[in-house]
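Here, each number is a calculation from the coordinates, and none is a lab measurement. Everything numeric in this text was worked out from a predicted model, so none of it was measured. Positions of Cβ are backbone-derived with ideal geometry, glycine not excepted, and every protein chain shown enters the neighbour counts.
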Amino acid sequence: MIIFIDDETLTEEERGQEDENEGEQQIAQTFLDLLEEKQLDWKKEWSGNGTQSPYNANSGHRYKGINRFYLSLIAMSRGYQEPRWATFYQIKERGWRLNNAKGQGVKVEYWFPYDTEEKKMVSWQKFRESWEKFGERYLLRVQYSTVFNADLIEGIPALNTVEYCLAKTREKADRTGSINHNTIKKYGSGNLT
């Protein structure tokens, strides 16, 4: 579903506020339910179930911001062991199948600039290079997609140790802005903690 902020039925403020409030309320309620249900000391448990941060099973792209937080929260509350997520279309395209996934999809959001002159979505890089502001030529739009955790997907290749180690190394490099011999030695030697 794509929500156009320049929609004629609602003002930009009304449409954005409505979606933002619903999403924020859902995330907050999930977090509170998890705290009550598991009686967590969330500072200790927040590292989750031992898996890495969530990423797309098809593209390898790691989720960021609120999507990363929410998918990690859902994975912890539902006991998922897999960090990979995929849309129904991606699952079907790869020949995989969903198993007992009714009601298990999780919405993620993608914000992007929309060029009103070219009438199409543009990359963030192109928008930045244009030096223009939102509201003139470009509008901000959001697209919601539903993703499913790999624990619910039949036929998806197993997450192998090498892939996991490389992902942990990349994640560490992204957090610190650098990578060194000690990081490679730590995550490349099979020590996954």
| query | Mind checking which residues of the stretch 64-123 are over 15 Å from the mean Cα position of the chain (by Cα), among the small types (G, A, S) and either closer than 22 Å to P157 by Cα or buried (at least 19 other Cβ atoms within 10 Å of the Cβ) (or both)? | reply | G79, G95, A101
| Output for the stretch 118-149, where each listed residue is in contact with a Pro (Cβ under 8 Å, 6 or more places away or on another chain) and hydrophobic (A, V, I, L, M, F, W, C) | M121, V122, W124, F127, F134, L139, L140
| Residues of the stretch 66-121 being of a type in the set (S, T, Y) and either assigned to a loop (DSSP other than H, G, I, E, B) or touching a Leu at 6+ places or on another chain (Cβ under 8 Å) (or both), which ones? | S77, Y80, Y114, T116
